[in-house]
Amino acid sequence: MKIDVLCTGADHPIRPLLQSWGQRQTAAGHQARLIAGVADAAGGDLLFLISCSEIVNAEVRARYGHALVIHASDLPLGRGWSPHVWEILNGADHLTVTLLEAADKVDSGAIWRKVSVPLEGHELTDEINAKLFSAEIALMDFAVAAADTIQPVPQAANIEPTYYPRRTPAMSEIDPARPLAEQFDLLRIADPARYPAFFTLRGHRYVLKIEKAKE
């Protein structure tokens with residue numbers, strides 16, 4: 001099977017896992033590549049769009065037997081950007097990770113599989129990512145195994161889709177006048193490398209980074 005994994009974020013923390021996954025698939029007899037842009041999507045059996053910010057139109061998708069997306073929400077609820085962040089900010093005690101077909105309309109394709117990722121409410125960004133990435137890799141394994149027999153299920157027509165907006169660095173701002181406990185979820189989901197939490201006080205801006213104390 002010829003497999004391309006398109007991840008446009010050069011600094012995205014999932015990239016090392018995608019590289020390892022591709023090596024594992026190659027060792028199993030498949031041809032797997034990690035590519036960085038749509039221009040490299042030459043065609044094959046499977047195309048995975050993982051943290052892909054480029055538009056992948058129907059002509060590109062048609063080069064593959066299946067073009068698939070992994071999205072961290074219980075679709076059709078939570079379409080759009082950074083769904084796991086919004087879910088956690090809304091108090092979720094678990095995340096649903098969905099494997100679905102790529103389509104012209106964002107996150108609207110037929111569903112291959114959903115898995116649930118439990119949360120305990122204390123996880124920091126790296127711990128949340130580890131749980132999410134593990135689920136994503138498992139869904140990619142499932143897709144390879146099921147590609148020839150899968151019967152995708154259309155998204156529920158009786159559920160009104162909801163959409164999350166794209167997060168910006170400004171959304172990681174902490175209010176120094178409010179109790180920390182009220183803002184803990186915002187603090188723990190702020191990506192310390194790309195979108196760090198910060199606050200402004202007495203004319204200066206301060207960046208916050210959080211880590212768990214070693215027991």
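For the chain, the spherically averaged projection of the C-alpha convex hull amounts to 14.0 nm².
Give me the percent of Cα-Cα pairs in the range 169-208 that sit more than 15 Å apart, rounded to a whole number.
Looking at the range 169-208, the distances longer than 15 Å represent 33 percent of pairs.
Each residue in GLU120, GLU54 was given a count of other beta-carbon atoms within 10 angstrom of its own, and listing them fewest first yields GLU120, GLU54.
For the pair ASN158 and ALA213, the difference between a 0.36 nm per residue extended length and the Cα-Cα distance amounts to 15.2 nm.
Exposure proxy ranking for VAL207, VAL144, VAL85, based on other Cβ atoms within 10 angstrom of each Cβ and starting from the fewest, stands as VAL207, VAL144, VAL85. 3J(HN,Hα) couplings calculated from phi for the range 164-181 with the Karplus curve 6.51 cos²θ - 1.76 cosθ + 1.60 (θ = phi - 60°) are, in sequence order, 9, x, 6, 7, 10, x, 5, 6, 8, 6, 9, 8, x, 8, 9, x, 4, 4 Hz; Gly and Pro show x.
Using alpha-carbon positions, what is the distance between the centroids of the range 95-129 and the range 1-57, in Å? Centre-to-centre (Cα) distance: 18 Å. Close amide H partners of ALA67, meaning residues 5 or more places away or on another chain with modelled amide H under 5 Å apart, are LEU47, ALA102.
For the range 122-185, the set of GluC sites (Glu not before Pro) satisfying both a DSSP loop assignment and a count of at most 15 other C-beta atoms within 10 Å is empty.
Peptides 151-157, 1-7, ordered by how many other C-beta atoms sit within 10 Å of their residues on average, highest first, read 1-7, 151-157. Going by neighbour counts of Cβ atoms within 10 Å, the residues HIS204, HIS30 line up, fewest first, as HIS204, HIS30. Estimated from helices alone, the mean residue ellipticity of the chain at 222 nm is -7000 deg cm²/dmol (sum of -39500 (n - 2.57) over DSSP H runs with n ≥ 4, per residue).
When each of the peptides 193-201, 55-63 is scored by the mean number of other C-beta atoms lying within 10 Å of its residues, the order from highest to lowest reads 193-201, 55-63.
Read-outs throughout are calculated quantities, based only on the coordinates presented, and are distinct from any laboratory measurement. Just so it is clear, the model here is predicted, and its values are computed rather than measured. Here Cβ is always computed from backbone atoms with ideal geometry, including for glycine, and neighbour counts include all displayed protein chains.
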